[in-house]
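Student: Let me give you the structure first, and then I'll get to my questions.
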Amino acid sequence: MCGIVGYTGNKSAKDVLIEGLKKLEYRGYDSAGVALEDNGKLEICKAAGSVGDLEKTLNGKFNTAGLGLGHTRWATHGRPTDENAHPHYSASREIVVVHNGIIENHQALRDRLSIEGGYEFRSETDTEVLAHLIEEYYRGDLFEALRRALLDVEGSYALVAASSREPEKLVCARKDSPLIIGYGDGENLIASDIPALLTHTRKTCILEDGELAVLTADRVVVYNRQGDILEKDTLEIDWDLEAAEKGGYDHFMLKEIMEQPVAVRETLRQRISAGEGKVSLSELEFSVDELKRVEKIFIVACGTAYHAGLVGKAVIEKLVGIPVEVEVASEFRYREPLLEQNHLVIVISQSGETADTLAGLRLARSRGLNVMAITNVVGSTVSREADHVLYTWAGPEIAVASTKAYLTQLIALYLFAIYLGESRGVLPVEEAMGLVKGLQSLPGKLNSVLNEENVARLKTYCDHLAKWESAFFVGRNLDSPVAMEGSLKLKEISYIHAEACAAGELKHGPLALIVDGIPVIALVTQEAVLDKALSNIQEINARGGEVFAIAQEGFDDVQNQVDSVFYLPPVHNLLTPVLSVVPTQLIAYYAALARGSAVDKPRNLAKSVTVE
Ligand code: AGP
């Protein structure tokens, strides 16, 4: 995710852009830049760093510019550097572009432009390709050049461009990444999200996929991809700024839970071909021999990332047939693990800055082992020190409680397991096809889990749960690590003392804590152990526990044995954690809400634990 702001009007474009970009920093903040129209030229000022740093650099400059576009970056292609910051110039420096999204065929376009067109690239980004491509088609009409260029482009984009030959005009286009027009009086704006507009206008129009627009100070025209003019409804925004930054949700955590279908889709993008059942992870630089030599994997992480690793263990062992140890990083780094050269260490970290995980990474590297990082932050310390990086594309995660990052960590682990199994020739094609098709179906299935009716049901359940000071999460097999994650979510934001337990372990002690009415959330998705899970539920019922089951559709016996059941849409058995964790996230959220906790910033916790 990145933040884009464009402005044309009678105010200082610089001021409008800086103020708007600051309100979009939650969408990305590793680098920032603006292009401002100044005496017939488009001057770019950009650098790695925050919008505040950019503001200082601009101090006293370009005060009279009435047109400009700006960008705050969340790096995907290319590290957070000055050169990779947006905006990007075309070769002639007459056209500038900012972009949010991923140009999937950027390499082919880059090759074509440099070989056939002699274009020289200054950055590692996919966005720069757009600037040169628009120039290639420019014949005096910027809108037409953009429209024509996009016919060559595959991928997702929200982009804004300007040309010094048409200095009164902003042109923009949207596919899969958001763009919203703000209508002013003698001024018009374009932005990735509403917060950047609210100081100037509440009259907006949301561009739909495939739509383009041309903005001047006194006119906005919206087109379809064929260049036909469209009549668009306007939308009056009545949110206050704080609500707008959360996309209208009350908390970042809920917004990020709801963003999970998109986060999963983006993390899968360009990495699966369902038709062949193939996974391609071109960003990894393992040789096939290296992958074949791996005899054991250690997954090292903390907290939620550790719980993702537990799912990864089950999946990798099942699909690849090699042993996987999952280690809490704070233990791994001090216990002198038995590491050998043919072991692979995978570190998982949303922030890429967690001290314990980083220490685990450095220990592995000091022993000469190959280290792969799964992280959500491009350019993070973990990403720079690992030998290989598999990014999750969840976008910035603001809430302390990790949700969408966790889900995309699971996706990254599934992708790696399939990739490793295929590379080692041990994963049958049919099995890979089934898994890849299952992965591809996840965004749609997540949307159905997150439908209004389900969310309302879970909210009602939490009114009851919130009255308790303790609760249990139980599960067997793949449901056990999900129980652990659900328990962590509930305890860290609602402060209810939630405990996770492998369901088969209850009788070995925890059953003593099952008292009349105590809430027990039971994950029941694994057919192989369904009978056992049902008998564990009977054990709980017999002691008066109140069971809320999260079960696979079709497990009809469950509803006869529990107080309420939340059925999940059917999905490949190995992929059930991606769906079953979501109700537990919503349970944690609504329980915390009912108890008046500070949902996004729970007591005693930090988003990234950069100290031991
Ligand atoms: C997750 O909800 C917690 N906030 C916490 O356990 C977190 O997962 C852990 O600190 C690891 O963070 P990282 O993924 O950034 O390394």
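The values are calculated or read from the model by the stated rules, or taken from the named source; none is laboratory data. No experiment lies behind these values; they were computed from the predicted model shown. So basically every Cβ, Gly included, is an ideal-geometry build from the backbone, and we count neighbours across all protein chains shown. The protein model used for the area step is the full one, side chains on, heavy atoms only, and it has no ligands, DNA or RNA in it. Shrake-Rupley method; radii C 1.70, N 1.55, O 1.52, S 1.80 Å.
Student: If we scan the stretch 189-210, do we find a residue that is in contact with a Leu (Cβ under 6 Å, 6 or more places away or on another chain) and open to solvent by 60 Å² or more (accessible area, probe 1.4 Å)?
Tutor: no
Student: Hey, another quick one. Does E546 satisfy the condition of being open to solvent by less than 90 Å² (accessible area, probe 1.4 Å) and not polar (S, T, N, Q)? Give the steps one after another, and end with the answer.
Tutor: Details: open to solvent by less than 90 Å² (accessible area, probe 1.4 Å): yes; not polar (S, T, N, Q): yes.
Answer is yes for this residue.
Student: Just name the residue that is modelled with the lowest pLDDT out of those in the stretch 453-480 that are over 21 Å from S535 (Cβ atoms), part of a helix (DSSP H, G or I) and touching a strand residue (DSSP E or B) at 6+ places or on another chain (Cβ under 8 Å).
Tutor: H464
Student: Quick check on G509: is it buried (at least 16 other Cβ atoms within 10 Å of the Cβ) and not β-branched (V, I, T)?
Tutor: Against the criterion (buried (at least 16 other Cβ atoms within 10 Å of the Cβ) and not β-branched (V, I, T)), G509 does not qualify.
Student: I would also like to ask the following. Just checking, how many residues over the stretch 422-456 are of a type outside the set (S, T, Y), more than 16 Å from the chain's Cα centre (by Cα) and farther than 16 Å from A274 by Cα?
Tutor: Total satisfying the criteria: 12.
Student: For residues that are under 30 Å from K318 (Cα atoms) and among the polar types (S, T, N, Q), scanning just the stretch 558-612, find the one that is farthest from the ligand (Cβ to nearest atom).
Tutor: It comes out as Q559.
Student: Please identify the pairs in which a residue from the stretch 535-561 that is over 22 Å from R457 (Cα atoms) has its Cβ atom under 8 Å from the Cβ atom of a residue that is charged (D, E, K, R) and open to solvent by 60 Å² or more (accessible area, probe 1.4 Å), counting only partners at least 6 apart or on another chain.
Tutor: Every condition considered, the pairs that remain are E539/K507; R543/D516; G544/D516.
Student: Is it the case, given these coordinates, that I521 is within 16 Å of the ligand (Cβ to nearest atom), over 26 Å from the mean Cα position of the chain (by Cα) and in contact (Cβ under 8 Å) with a residue 40 or more places away in the chain? Outline the logic, then answer.
Tutor: Working: within 16 Å of the ligand (Cβ to nearest atom): no; over 26 Å from the mean Cα position of the chain (by Cα): yes; in contact (Cβ under 8 Å) with a residue 40 or more places away in the chain: yes.
Considered against the rule, which asks whether it is within 16 Å of the ligand (Cβ to nearest atom), over 26 Å from the mean Cα position of the chain (by Cα) and in contact (Cβ under 8 Å) with a residue 40 or more places away in the chain, I521 comes out as no.
Student: Can we say T234 is over 27 Å from the mean Cα position of the chain (by Cα), hydroxyl-bearing (S, T, Y) and farther than 21 Å from L21 by Cα? Step through it out loud before you land on a result.
Tutor: On the way: over 27 Å from the mean Cα position of the chain (by Cα): yes; hydroxyl-bearing (S, T, Y): yes; farther than 21 Å from L21 by Cα: yes.
Against the criterion (over 27 Å from the mean Cα position of the chain (by Cα), hydroxyl-bearing (S, T, Y) and farther than 21 Å from L21 by Cα), T234 qualifies.
Student: Sticking with this one: Can you find a residue in the stretch 121-134 that is buried (at least 23 other Cβ atoms within 10 Å of the Cβ) and in a loop (DSSP other than H, G, I, E, B)? Walk me through it before giving the result.
Tutor: Going through the stretch 121-134, the residues buried (at least 23 other Cβ atoms within 10 Å of the Cβ) turn out to be 125-134.
Pick out the ones that are also in a loop (DSSP other than H, G, I, E, B) and you get 125-126.
Yes, the stretch 121-134 contains a residue that is buried (at least 23 other Cβ atoms within 10 Å of the Cβ) and in a loop (DSSP other than H, G, I, E, B).
Student: Something else now. Here are some conditions: (1) under 21 Å from A158 (Cα atoms); (2) open to solvent by less than 10 Å² (accessible area, probe 1.4 Å). L58 meets all but one. Which one does it not meet?
Tutor: (1)
Student: Mind checking whether some residue in the stretch 268-282 is open to solvent by less than 50 Å² (accessible area, probe 1.4 Å), among the charged types (D, E, K, R) and either in a strand (DSSP E or B) or away from the ligand (no atom under 13 Å from the Cβ) (or both)?
Tutor: yes
Student: For the stretch 283-295, indicate whether the set of residues that are within 16 Å of the ligand (Cβ to nearest atom), open to solvent by less than 10 Å² (accessible area, probe 1.4 Å) and aliphatic (A, V, I, L, M) is non-empty.
Tutor: First, pick out the residues of the stretch 283-295 that are within 16 Å of the ligand (Cβ to nearest atom): none.
Within the stretch 283-295, not a single residue is within 16 Å of the ligand (Cβ to nearest atom), open to solvent by less than 10 Å² (accessible area, probe 1.4 Å) and aliphatic (A, V, I, L, M).
Student: Still on this structure, please answer the following. Using the structure shown, decide if A533 is away from the ligand (no atom under 16 Å from the Cβ), more than 26 Å from V400 (Cα to Cα), modelled with pLDDT of 95 or more and surrounded by fewer than 20 Cβ atoms within 10 Å (Cβ to Cβ).
Tutor: No, not satisfied.
Student: Another one. Restricting to the stretch 172-185, what's the tally of residues that are touching a residue at least 24 places away in the same chain (Cβ under 8 Å) and either closer than 22 Å to E104 by Cβ or not in a strand (DSSP E or B) (or both)? Step through it out loud before you land on a result.
Tutor: In the first step, residues of the stretch 172-185 are kept if they are touching a residue at least 24 places away in the same chain (Cβ under 8 Å); the result is 172-181, 183-184.
The next check asks that each one be either closer than 22 Å to E104 by Cβ or not in a strand (DSSP E or B) (or both); those that pass are 172-179, 184.
The number of residues fulfilling the criteria is 9.
Student: Determine whether the stretch 361-369 contains at least one residue that is within 15 Å of the ligand (Cβ to nearest atom) and not polar (S, T, N, Q).
Tutor: Among the residues of the stretch 361-369, at least one is within 15 Å of the ligand (Cβ to nearest atom) and not polar (S, T, N, Q), which makes the answer yes.
Student: I'd like to know if the stretch 411-419 contains one or more residues that are touching a residue at least 40 places away in the same chain (Cβ under 8 Å), on the phi > 0 side of the Ramachandran plot, within 16 Å of the ligand (Cβ to nearest atom) and out of contact with any strand residue (DSSP E or B) (no Cβ under 8 Å at 6 or more places or on another chain).
Tutor: First, pick out the residues of the stretch 411-419 that are touching a residue at least 40 places away in the same chain (Cβ under 8 Å): 411-419.
Next, only the ones that are on the phi > 0 side of the Ramachandran plot stay: none.
No, the stretch 411-419 contains no residue that is touching a residue at least 40 places away in the same chain (Cβ under 8 Å), on the phi > 0 side of the Ramachandran plot, within 16 Å of the ligand (Cβ to nearest atom) and out of contact with any strand residue (DSSP E or B) (no Cβ under 8 Å at 6 or more places or on another chain).
Student: Pick out, from the stretch 320-390, the helices (runs of 4 or more DSSP H) lying fully within it that include 1 or more residues that are open to solvent by 10 Å² or more (accessible area, probe 1.4 Å) and modelled with pLDDT under 95. Write out each step before concluding.
Tutor: Details: elements: 329-332, 355-366, 381-385.
Correct list: 355-366, 381-385.
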